[in-house]
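Below: the structure, in structure tokens.
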Amino acid sequence: MIQPERIRRLNAQPVVRGRYVLYWMQASQRAGCNHALEYAIARANGLGVPVVVAFGVTGDYPEANERHYAFMLEGLACVARDLKKRGIQFVVRHGSPERVAVEAAKGASLLVTDRGYLRHQHAWREHVAGHVGCEAIQVETDAVVPAETVSRKEEFAARTIRTKIHAHLKTFLVPPRETRPKQGSLAMRFNAPDRLDIEDVDGTLERLKIDRSVRRVRDYVGGADEADKLFTAFLHRKLADYATLRNEPSLDCVSHMSPYLHFGQVSPLDLALRVEESAAPRAAKDVFLEELIVRRELSINFVLYNERYDTYGCLPAWARATLRDQAGDRRAHVYSPDEFENAETHDPYWNAAQREMVLTGKMHNYMRMYWGKKIIEWSATPQEAFATALHLNNKYELDGRDPNSFAGVAWCFGKHDRPWTRRPVFGTVRWMNDKGLERKCDIKAYVTKVESMARP
Ligand SMILES: Cc1cc2nc3c(=O)[nH]c(=O)nc-3n(C[C@H](O)[C@H](O)[C@H](O)COP(=O)(O)OP(=O)(O)OC[C@H]3O[C@@H](n4cnc5c(N)ncnc54)[C@H](O)[C@@H]3O)c2cc1C
């Protein structure tokens, strides 16, 4: 059963006579625990036609570069293999997602898609719904609790959204049932000159016209198979200590699921169910589920209801007012966006965090907070700091350009937080300092770890 709250009709067109049901895959790039795929299969079985899955790879996805594309293509190769095992054809074309979807829908009875929460993702779905000649349905599968079921307005903080999410967990913490397609689609013919051989990741990556200023990383390999290996290791070796060690950046006591979640290569619901089934202590499970569900879905709520989520104007009025009051304060150091990018500050801890992100594509969570706070402290203005932090985050993090990216950066500036004691530059926005890092973690070991990564 797929909960009706996950399903939304996007246009008023009828189901028409067609050769297949189309699942236009966009945000949820996986074959497992995907409500949109299961819904498409069930509808196709009912109509007596097969399912075809289509995906458009555009070369100019907002802020994406080679690092992101390589990870995504590795994931799509995995999707192709997994769909093949279920007898479903995966048509991947070089083209903008909404154009590929509209063309692929020409032979379809019905179009099904998944849900994305960012502005351009809404716009693509709106375009597709308005340009196809058949019914278009969206099925939300990248949130444990559907976003509008949780709340119909922008929430202030984790404390205000937590109870709203928890009230629905019992209903939504159930896996979608896997349905067997009654008809396969592997033998169907689709002649498209811009079709990509998606199982050839290197060849496809070479073919695409993309921004190559940030190179591919080897530390994280994309795809559901890799995610499964990492998460299995996390459940067995790390989850029990997660509550106590997750904020120690010299260690590796985190799941590394964020890039996989960002590309929809894993389902947050599936991760949550696996955590629930594990033998880890209840306290550790609760801390992890707080991050995976409450914090992550607070970010979804933020980008859904705050139209200015990617600009300084998204910040709460109290935070903008207090930062404005301190705008004339003398800064002990002022760095340009380039100096930040090149890790040329006086602070070895900050530089190590920046290098970790540039080298591996993923900065430790605890360092992300310190990193963002110091960009505020050492930029000429808070507005410049906001733009620098968001730009660097989205350029280098494999999990960048996500609802969590916008909420994470905005948090450094007071979003989802409360006023603290007043201090220079920050006003009442929370501050962090290097002495705190030295007290709370083995920061010297972290710097040594990053230095060893940088060695050839
Ligand atoms: C300045 C700043 C920038 C950030 N940028 C991003 C970003 O671009 N993309 C991104 O996914 N996260 C971002 N975060 C949130 C957080 O740092 C990452 O989600 C986390 O480090 C991912 O690593 P992990 O998967 O190993 O986390 P784990 O600790 O294993 O957590 C599991 C999952 O819980 C969720 N989660 C954990 N911490 C948070 C959090 N603070 N807020 C929301 N969800 C959370 C993530 O989905 C994560 O994958 C940012 C935080 C800050 C302060």
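Bear in mind these aren't lab numbers, they're just calculated from the coordinates by the rules spelled out. No experiment lies behind these values; they were computed from the predicted model shown. Cβ placement follows ideal geometry from the backbone for every residue including glycine, while neighbour counts extend to all protein chains displayed.
One table, with the values for the structure above:
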{"item": "Matching residues in the stretch 334-393 - criterion: being part of a loop (DSSP other than H, G, I, E, B), surrounded by fewer than 23 Cβ atoms within 10 Å (Cβ to Cβ) and under 19 Å from the mean Cα position of the chain (by Cα)", "result": "K362"}
{"item": "Long-range neighbours under 8 Å by Cβ, at least six apart or interchain, first residue on the phi > 0 side of the Ramachandran plot within the stretch 356-373, second assigned to a helix (DSSP H, G or I) and more than 10 Å from the ligand (Cβ to nearest atom)", "result": "G361/R67; G361/F71"}
{"item": "Residue ranges of helices (runs of 4 or more DSSP H) in the stretch 221-313 with at least 3 members within 12 Å of the ligand (Cβ to nearest atom), closer than 21 Å to R159 by Cα and in contact (Cβ under 8 Å) with a residue 24 or more places away in the chain", "result": "282-289, 296-305"}
{"item": "Complete set of residues in the stretch 127-158 that are outside any loop (DSSP other than H, G, I, E, B) and out of contact with any helix residue (DSSP H, G or I) (no Cβ under 9 Å at 6 or more places or on another chain)", "result": "A129, G130, E135"}
{"item": "Answer residue from the stretch 172-221, given it is among the β-branched types (V, I, T) and out of contact with any Asp or Glu (no Cβ under 9 Å at 6 or more places or on another chain) and is surrounded by the fewest Cβ atoms within 10 Å (Cβ to Cβ) among those", "result": "V174"}
{"item": "Pairs with Cβ under 6 Å, 6+ apart, first in the stretch 398-421 and farther than 20 Å from H120 by Cα, second near the ligand (Cβ under 9 Å from one of its atoms)", "result": "C412/G372; C412/K373"}
{"item": "Index of the failed condition, L83 passing every other in (1) surrounded by fewer than 24 Cβ atoms within 10 Å (Cβ to Cβ); (2) within 27 Å of Y309 (Cα to Cα)", "result": "(2)"}
{"item": "Conditions (1) within 15 Å of the ligand (Cβ to nearest atom); (2) buried (at least 19 other Cβ atoms within 10 Å of the Cβ); (3) part of a helix (DSSP H, G or I): number failed by G436", "result": "(2)"}
{"item": "Residues satisfying the stated conditions in the stretch 104-126, i.e. of a type in the set (K, R), under 24 Å from the mean Cα position of the chain (by Cα) and assigned to a helix (DSSP H, G or I)", "result": "R119, R125"}
